[in-house]
Amino acid sequence: MLVVICLAVYPLAAAALGGLDSVPEQPVDRQFGQQVDQAETDDFGSLLELVETLNVRASWRETRAALERARPRLDQANSSEYARFRILEARNLTISGDVAGGLAVLEALLQKNLERRHELRVLELGANLAMIDRDYARAFTFLNQGLKFEFTRRERDQWIGLLSLAAYTYARVGRLERALDYGGRALELAVQSGQARDLCLASQRLGFVYKTRNEPVAAEAQYRNALDYCDTAQDPIIGNVARYGLGDLLREAGLFEQAERLFIESIEGLEASGYATGIDEVHLYQARLQTQRGGFERAGALLEPLLARFAEQKNWDYHAEALLMLSDIAAWRNDHSQAHQMIRRAMASREKYLAVERAMRLALAEVEFDTRFTEQENALLREQAAVAVLQQQTRREQARLRLALYALGLFVLLVLGFLLAVTLRQRRHFQRQSWFDGLTQLRNHTQFFEIAAGQVEQAHAQTSRLALVLGDIDFFKQFNDRHGHPVGDEVLRRVGACLRKDFGSDALVGRVGGEEFGICLGSMALMEVEAMVNRLRDSLAALNGAVTNEGITMSFGIAMLEPGEAVDELRRRADVALYQAKRGGRDRIEIATRPQAGAAGPA
């Protein structure tokens with residue numbers, strides 16, 4: 001049976017942006033083309049309105065073509081039209097895959113004196129793009145900056161987008177009550193506006209909030225409302241995102257036929273819009289459905305092409321889920337070696353996903369602290385203004401009030417300085433926790449392989465040697481079973497201390513699994529690497545009797561970097577050598593074989 005370890009959420013781009021460039025180009029709608037030709041003879045505002053219509057209803061390529069036809073007349077635009085053009089440009093750049101370019105356009109636009117409705121739209125889109133780019137501190141800063149504005153009905157449309165995005169974002173970090181509050185407020189404003197696209201967007205995002213809260217009835221109602229509103233608004237991206245979100249909800253309820261029909265309909269619509277990221281997600285949902293129904297061959301065919309794209313997009317939760325489903329499929333085929341390999345890769349992707357989640361929650365904590373700090377500063381300024389008024393009214397108390405104000409200001413600054421110092425210390429502590437394993441004080445899995453990848457690139461650039469050593473404590477489960485987990489933890493601590501002592505600060509050493517450790521050594525020949533590993537084995541032998549009466553031994557696999565070899569292939573060869581050492585009797589070293597000429601890289 002499939003074991004799912006990841007909470008399934010759709011990529012943030014789906015909520016407001018559309019797809020990326022990996023679908024065959026669609027022909028430009030002839031009617032829109034004729035309208036653009038006609039508008040070019042009219043004022044710039046009429047042309048811009050047509051581009052905005054294309055932005056919602058057509059593919060990004062059609063919108064890009066219209067933007068380029070409008071660009072030469074940008075000098076005719078007033079300040080409002082200029083802002084609208086740049087917002088469209090930023091969105092179009094992001095859909096085409098250039099997220100950094102879209103953010104750069106928005107950052108430059110924020111430096112100008114914008115109307116508040118445009119500023120709110122820029123902050124909403126900026127938060128969306130920063131989340132896609134995984135710059136969470138920037139995303140929460142954009143979002144909170146927008147939410148600080150006082151609501152007015154004139155900017156109601158912009159507030160609907162901002163509040164519904166806040167609902168999605170806070171649901172992503174587990175703040176479900178706040179997410180529901182924001183989503184409910186967005187839907188209330190959309191109902192007041194009566195605009196189909198506002199209702200489409202607010203209902204779709206509120207449906208996601210209810211799905212995250214595990215309230216399927218409420219989620220289904222919102223998704224179905226979104227389908228009706230999005231069809232009326234002719235918004236294919238959000239409409240089809242709601243369609244396959246509803247399909248996944250029905251799959252969970254066991255309504256497989258209805259779910260499959262919704263998946264097929266959404267794929268057809270997304271292909272017409274060029275939204276490749278959404279199509280990948282639908283294929284993952286279809287694989288879930290096929291696995292539940294026992295269609296393992298069909299599920300495998302859907303999943304195999306997704307792995308590379310999920311890794312490239314850093315969608316590690318989906319990557320891990322796909323690998324676990326492929327593991328179950330391999331087990332169904334009685335290919336237990338392949339199933340084991342898939343599980344190991346899934347655990348690695350799960351670690352990366354958890355690192356992303358920690359970074360997002362840390363960014364939210366930092367922004368919330370900065371917000372509280374600003375509020376305290378504003379409170380201090382208000383207090384100073386009140387004191388100044390009192391000084392003007394009561395000159396006889398001027399000296400006493402000034403002294404009291406200085407004392408109060410010094411006290412507040414001292415308190416704020418203390419709070420800031422504590423926060424910075426906690427931030428460094430949390431940062432170290434995200435880099436190091438708390439038990440052994442070695443680099444954790446994610447940090448170790450990120451640094452190792454950089455060292456591999458440097459070794460290739462300098463044509464220097466590099467070795468990757470993977471070691472695993474022999475019979476570690478028996479330590480835990482016979483002596484309990486506290487003794488097992490002490491064994492891990494002792495092994496970590498030996499690794500730090502024998503390899504020193506120049507080597508990259510990490511705990512990459514439960515009882516598995518990695519060492520990355522540069523500029524060393526194989527003989528030198530073996531000597532250092534044997535020195536570690538001597539140190540472990542010296543631990544006999546230090547923790548239990550049993551000796552502590554390890555098995556090792558050593559792989560030397562080959563020209564042009566990627567870190568994943570180097571790791572795979574070291575892992576195979578470690579497995580051979582285990583099978584060969586443990587407490588030994590195995591050297592990885594060199595890759596065969598022309599062999600394919602890692603999957």
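Take every pair of alpha-carbon atoms less than 8 Å apart whose residues are at least six positions apart; their mean separation over the length of segment 115-222 yields a relative contact order of 21 percent. Excluding ligands, DNA and RNA, the accessible surface per residue across segment 220-291 is 33 Å² with a 1.4 Å probe. Atom-type composition of the exposed protein surface of segment 492-603 places 47 percent of the accessible area on carbon and sulfur (1.4 angstrom probe).
Pairs of Cα atoms nearer than 8 Å and 6+ residues apart set the relative contact order; for segment 240-319 it is 22 percent. Across the cross-link table entries LYS501/LYS582; LYS352/LYS582; LYS211/LYS352; LYS112/LYS314; LYS112/LYS148; LYS314/LYS477, which are compared at the Cα atoms, the separations over 30 Å belong to LYS112/LYS314; LYS314/LYS477. For MET554, the amide hydrogen comes within under 5 Å of the amide hydrogens of ASP474, ASP587, counting only partners 5 or more places away or on other chains and with H modelled in the peptide plane. Remark: spin-label model distance ASP538-THR553 equals 1.9 nm, labels positioned 7 Å along the Cα→Cβ axis.
With all protein chains in place and ligands, DNA and RNA left out, the 1.4 Å accessible area ranks GLU590, GLU124 as GLU590, GLU124, largest first.
In terms of the Cα gyration tensor, with a ≥ b ≥ c the square roots of its eigenvalues, is segment 109-183 rounded because a/c is under 1.5, prolate because a/b exceeds b/c, or oblate?
Numbers: a/c = 2.40, a/b = 1.25, b/c = 1.92.
Oblate is the answer for segment 109-183, as a/c is 1.5 or above yet b/c matches or exceeds a/b.
As a rough guide to protection, the peptides 150-160, 397-407 ranked by mean Cβ packing within 10 Å, highest first, stand as 150-160, 397-407.
Could you tell me which of rounded, prolate or oblate describes segment 149-231, using a ≥ b ≥ c as the square roots of the eigenvalues of the alpha-carbon gyration tensor, with rounded for a/c under 1.5 and, failing that, prolate when a/b is larger than b/c and oblate otherwise? Show your work: numbers first, answer last.
Numbers: a/c = 2.43, a/b = 1.19, b/c = 2.05.
Here segment 149-231 falls in the oblate category.
The values are calculated or read from the model by the stated rules, or taken from the named source; none is laboratory data. Quantities reported herein were computed from a predicted structural model and do not represent experimental measurements. As a convention, Cβ positions derive from the backbone with ideal geometry for all residues, glycine included, and neighbour counts pool all protein chains shown. Accessible surface is based on the protein model in full, side chains and every heavy atom, while ligands, DNA and RNA are left aside. Shrake-Rupley method; radii C 1.70, N 1.55, O 1.52, S 1.80 Å.
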